[in-house]
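What follows is a single structure, written as C-alpha cells, with notes after it.
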Amino acid sequence: MSRKPYVRPVARTTWWLSKGRYVRYMAREVSSLLIAIYLMVLIIGLMRLSQGPAAWQEYMESLASPVAVLFHLIAFGFTTYHATCWFNVTPKAMRIPSGDDFVPGRLIILAHYAIWGVVSLIILVIAGVL
Amino acid sequence: MAKSNKPIVWGLFAAGGTVSAFVLPALIFVTGLAVPLGIFGDDALSHERIYPFVSHWFVSLVLFGVIVLSIWHAAHRIRITLHDFGMRGDGMIGTVAYFAAGMFTLGTFFALSGM
C-alpha cells in the first residue's frame, strides 16, 4: 500500500480533557480505581475484625480520620455517579419484547432504581440494627 | 474455531459491574461515612455486634461474592483506564491488575474463613 492514511493527532494522556463527555467518561472509569482502594480498606477491616475487639477498635478509629472520611466521600460520589449513569442507559442494552412492541425504556430504568433503592435500604437497615 | 473462555469471563465481568452499581454506593456510605461519623450512634458496628453477623456463613458468603466480583470487575476496568490515561504495556498492566485481584481474593477468603 502506497497510500498513507491520515491519522488525527491525539494527545495520549490529556485527550479526555478536550470534551465534557470525555471528562464524564473518565470520571466513570476512575471509579474503578476508587473501588479497588475501597475494597482493600474493606478487606483490611475484615482481617482486623477477625483479630478481635482491640484490632477492630483501632481500625474503626483510623476510619474516622479526616483523610479516610474524605476518601470515602469521593469514592461515594464517583460510584453513585457511575451507578446512575449506568442505570440511565440500561434500556439501550435491554430490549424486552412486550406484545408487538418493547417494554418502555422508562420502566426499565425505573425498575433498576427501585432495586437499587431496596438493596441500599437493606444495607442501611442492617447497619442501623447492628 | 478456537475455543474461547470469553463468555465466562464476560459473564463474571458483567456480574461484577452489576454488584458494584447496586451494592457499593450504600456499602461505602455505611462503612466509610455513616459509621465513622457516628450517624448510627457511637457503638454502631461494635465488635460484639458485627462479629457474629459477619462470621455467619451466609453473610460471609454474600460478602465474599460482593467483594470478589467487584474486585475482578475493577481490576479489568483499571487495566482499560490506565490505557485511556496514555499508559502503554497492556500485557504487564493486565498481569499486575489480575495478580492484585487474585491477592485481594485470597485476602478476603482468609479473613472470612478465619472467623
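Any read-out appearing in this document is the output of simple, stated calculations on the displayed coordinates, not a laboratory observation. Predicted model only: the values in this text are computed from it and were never measured. Methodologically, a virtual Cβ is constructed for each residue, glycine included, from the backbone with ideal geometry; neighbour enumeration extends over all protein chains shown.
Remarks
- Stokes-Einstein translational diffusion, region A:16-129 - Kirkwood Rh over all Cα pairs, 1.306 mPa s, 10 °C, in µm²/s: 93
- Among B:24-32, A:68-76, the peptide with the highest mean count of other Cβ atoms within 10 Å heads the list, and the full ranking is B:24-32, A:68-76.
- Between A:Arg12 and A:Ala93, the contour length at 0.36 nm per residue exceeds the Cα-Cα span by 26.2 nm.
- Cβ-derived FRET efficiency at R0 30 Å, B:Ile39 paired with A:Ala114, nearest 0.05: 0.80
- Backbone amide hydrogens, once placed in the peptide plane, bring B:Ala44 within less than 5 Å of nothing, excluding anything fewer than 5 places away on its chain.
- Cα centroid separation, region A:56-130 to region B:1-59 (Å): 11
- For the peptides B:68-75, A:103-110, A:31-38, the ranking by packing is B:68-75, A:31-38, A:103-110, with the highest mean count of neighbouring Cβ atoms within 10 Å listed first.
- Note: relative contact order over chain A, using C-alpha pairs below 8 Å and six or more positions apart, is 19 percent.
- Secondary-structure-derived ellipticity at 222 nm for the protein assembly as shown, considering helices only, amounts to -25500 deg cm²/dmol, per-run term -39500 (n - 2.57) for DSSP H runs with n ≥ 4.
- For region B:12-113: relative contact order, % (alpha-carbon pairs under 8 angstrom, 6 or more apart): 35
- Take each residue of peptide A:72-82, count the partner chain Cβ atoms within 10 Å of its Cβ, and average: the result is 5.
- A:Asp100/B:Trp10 FRET efficiency (R0 30 Å; Cβ-Cβ; nearest 0.05): 0.45
- The mean count of C-beta atoms from other chains within 10 Å of the C-beta of residues in B:77-90, rounded to a whole number, is 4.
- Using distinct alpha-carbon pairs, which all enter the 1/r mean, Kirkwood radius of region B:12-113 in Å: 15.4
- Here the Karplus relation 6.51 cos²θ - 1.76 cosθ + 1.60, evaluated at θ = phi - 60°, turns the backbone of region B:8-18 into coupling constants of 5, 4, 5, x, 5, 4, 5, 4, x, x, 4 Hz, with x for every Gly and Pro.
- Average beta carbon contacts from partner chains per residue of A:55-66, 10 Å cutoff: 3
- A simple spin-label model places pseudo-atoms 7 Å from Cα toward Cβ; at B:Ser113 and A:Leu121 they are separated by 3.7 nm.
- Stokes-Einstein D in µm²/s, Kirkwood radius over Cα pairs - the protein assembly as shown at 25 °C with 0.890 mPa s viscosity: 122
- Karplus-derived HN-Hα couplings along region B:35-47 (A = 6.51, B = -1.76, C = 1.60, θ = phi - 60°), whole Hz, x at Gly and Pro: 5, x, 8, x, 5, 8, x, 6, 10, 5, 6, 5, 4
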